[in-house]
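Let me begin by presenting the structure, written as structure tokens, before commenting on it.
Nothing in this text is a laboratory measurement; each read-out follows from the coordinates by a stated rule. The structure displayed is predicted, hence computed values, not measured ones. We place every Cβ from the backbone using ideal geometry, glycine too, and count neighbours over all the protein chains shown.
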Amino acid sequence: MVDNETITFNFQGLFFYRGRVALYAILKALGIGPADEVAIQAFTCLAVPEGVMATGARPLWIDIEPNGFNMDAKDLDRKLTPNTKAIVVQHTYGIPAAMDEIEKVARAHNLPIIEDCCHTLASTYRGRRVGTFGVAAFYSFEWGKPVAVGIGGAAVINDDELRQRVANAYQHYTFPGFKRTLRIQLQYHAFRLLYRPSLYWPVRTLFHTLGNLGLAESNYNPVNTNGIAEDFRLRMAPVLQKRLHKKLQRLKSLNQHSQKISAYYQEHIQTGAVVHPPVPADAHVIFARYPLITHDKRKLLLEAQKANVEMADWYATPVHPLSGESLSLVHYAQGSCPNAEKRGREVITLPTHFNVREKDAERITNFLNNLR
Ligand SMILES: *Cc1c(COP(=O)(O)O)cnc(C)c1O
């Protein structure tokens, strides 16, 4: 069990505009650039290859485990090349990756591990908190994450020398301008005012529309293949950092809430329509969202929308939200990670965040259990 009392977060003062910018800063400090490859898992979002590609390096796509959501150490071992310079390990939905096996491969090839902790601050694996296994970890605080402040990211570096290098570079990062910060703030407060689990679908549609119109800061910009976008030179705005520190004081209750809601799903969702996620032995999971496997994802999502039940589709593709031809923008070859592609066709996720009350979890559960 995690002793939540001991969860104190010593972020090291390295707060970036987004999680992907923190990843970029870590990779740069590792000396990674053009002609290099960074191993990352398929079944992720565009943010990760964007962070890699901003350095000039290429993503090397690794498949996920046949029955899980995280990197398959065997596929990693198979695919590494002499050009691979680092491994990014994602703890998808907060479920810790199989660190033992991945560390073995990393050690054999003398490669640094960077942990993608965007979905969890608190899950543990063999009694150790995620984010403490690699040379560095990065975090995200945007809308869908366990601690949401608007938009933001952080790096935590476990190696003194590397930390010094990231800190030196950080001196040259600047704060986003007033207008951009104001827009993030307005969006944050609008979302807080509007959102409740029963309004998930209309609010989602509204924000997608605003994002497409360029009126809201969207998660996915057009893939930038030429040069470094301005975002990759920015820190997190001071007002957002302040909100983050305030929210971190409530981390214990945020975690407990997530545990309570996911335990409710685990216990009460009993239907042939969905399969519960496998959780590794020796792991303690704080779910960012609770994933379920279904054989008719499209139909389930449509019915959930009709019934106004919160249910997300991510990740729907190996590099969400890219599909088809556009996957080649991030050098993903279709068919190269079959487990990730399959999982994308069959996963849906349920909310575990603070605004989900037990009666919401009950409504979601009843909806699933009553499916024909
Ligand atoms: C959200 C997320 C990121 C980073 O997102 P930013 O928008 O750059 O903060 C990275 N990896 C995963 C798995 C994520 O879910």
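Residue ranges 260-269, 232-241 sort as 232-241, 260-269 when ordered by packing (mean number of other C-beta atoms within 10 Å per residue, highest first).
By the beta-carbon count within 10 Å of each Cβ, the least crowded to most crowded order of 140, 253, fewest first, is 253, 140.
Any idea what the relative contact order of the stretch 239-342 is, in percent, if you count C-alpha pairs under 8 Å spaced at least 6 apart? Don't skip to the answer; put the middle values down first.
On the way: 44 pairs, mean separation 16.5, N = 104.
Computed over the stretch 239-342, the figure is 16 percent.
Tell me, what are the semi-axes, in whole angstrom and largest first, of the equivalent ellipsoid of the stretch 1-91 as set by the roots of 5 times the Cα gyration tensor eigenvalues?
On the way: eigenvalues 113, 82, 25 Å².
Its equivalent ellipsoid spans semi-axes of 24, 20, 11 Å.
In this structure the amide hydrogen of residue 283, modeled in the peptide plane, comes within under 5 Å of the amide hydrogens of 126, none closer than 5 places in sequence on its chain. For the stretch 347-372, backbone nitrogen atoms closer than 15 Å to the point 7 Å from residue 263 Cα along Cα-to-C-beta are found at 358. A convex hull fitted to the Cα coordinates of the chain yields 131 cubic angstrom per residue. Rounded to the nearest whole Hz, the Karplus-based 3J(HN,Hα) values (6.51 cos²θ - 1.76 cosθ + 1.60, θ = phi - 60°) of the stretch 105-113 follow the sequence 5, 4, 5, 4, 9, 6, 10, x, 9, with x at glycine and proline.
Rounded to whole Å, the principal axis extents of the Cα atoms in the stretch 94-150 read 39, 21, 13, largest first. Extending 7 Å from the Cα toward the beta-carbon at both residue 366 and residue 253 defines two label points whose distance is 2.7 nm.
Cβ-to-Cβ counts within 10 Å put 45, 118 in ascending order as 45, 118, the fewest first. With θ taken as phi - 60° and the Karplus curve 6.51 cos²θ - 1.76 cosθ + 1.60 applied, the whole-hertz 3J(HN,Hα) list for the stretch 170-187 is 4, 3, 8, 7, 10, 7, x, x, 4, 5, 5, 5, 4, 5, 5, 5, 4, 5 Hz, x standing for glycine and proline. Taking a straight line from the alpha carbon of residue 85, these aspartates and glutamates sit under 13 Å away, with near neighbours fewer than eight places off in the same chain left out: 36, 37.
Treating each Cα of the stretch 216-372 as one equal point scatterer and applying the Debye formula with no solvent, the log10 of I(q)/I(0) at q = 0.11, 0.19 Å⁻¹ comes out as -0.61, -1.24.
Sketch the reach of a paramagnetic label on residue 345 as a point 7 Å from Cα along Cα-to-Cβ, and name the residues of the stretch 24-46 whose backbone nitrogen lies under 19 Å away. In the stretch 24-46, the label zone of residue 345 (backbone N under 19 Å from the point 7 Å along Cα→Cβ) covers 42-44. Measuring how big the stretch 156-300 is from its alpha-carbon positions, Rg and Dmax come out at 20.0, 54 Å. Note on residue 204 and residue 164: their simple-model spin labels are 4.8 nm apart, each label 7 Å out from Cα toward Cβ.
Here the stretch 108-178 and the stretch 264-342 have alpha carbon centers that stand 24 Å from each other.
To the nearest 0.05, what FRET efficiency results for residue 108 and residue 230 with a Förster distance of 41 Å applied to their C-beta separation? Can you show the working numbers first?
Details: r = 39 Å, r/R0 = 0.95.
The pair residue 108/residue 230 has a calculated efficiency of 0.60.
For the stretch 231-238, backbone phi angles converted through the Karplus equation (6.51, -1.76, 1.60; θ = phi - 60°) give residue-by-residue couplings of 3, 7, 10, 10, 8, 7, 4, x Hz, Gly and Pro being listed as x. Of the residues 296, 231, the one with the fewest other Cβ atoms within 10 Å heads the list, and the complete ranking is 296, 231. With bins 5 Å wide beginning at 0, the percent of Cα pairs of the stretch 301-340 falling in each bin runs 6, 22, 22, 16, 11, 12, 10, 2.
In the chain, the DSSP-assigned H stretches of four residues or longer account for a calculated mean residue ellipticity at 222 nm of -11500 deg cm²/dmol, using -39500 (n - 2.57) per stretch and the full residue count as denominator.
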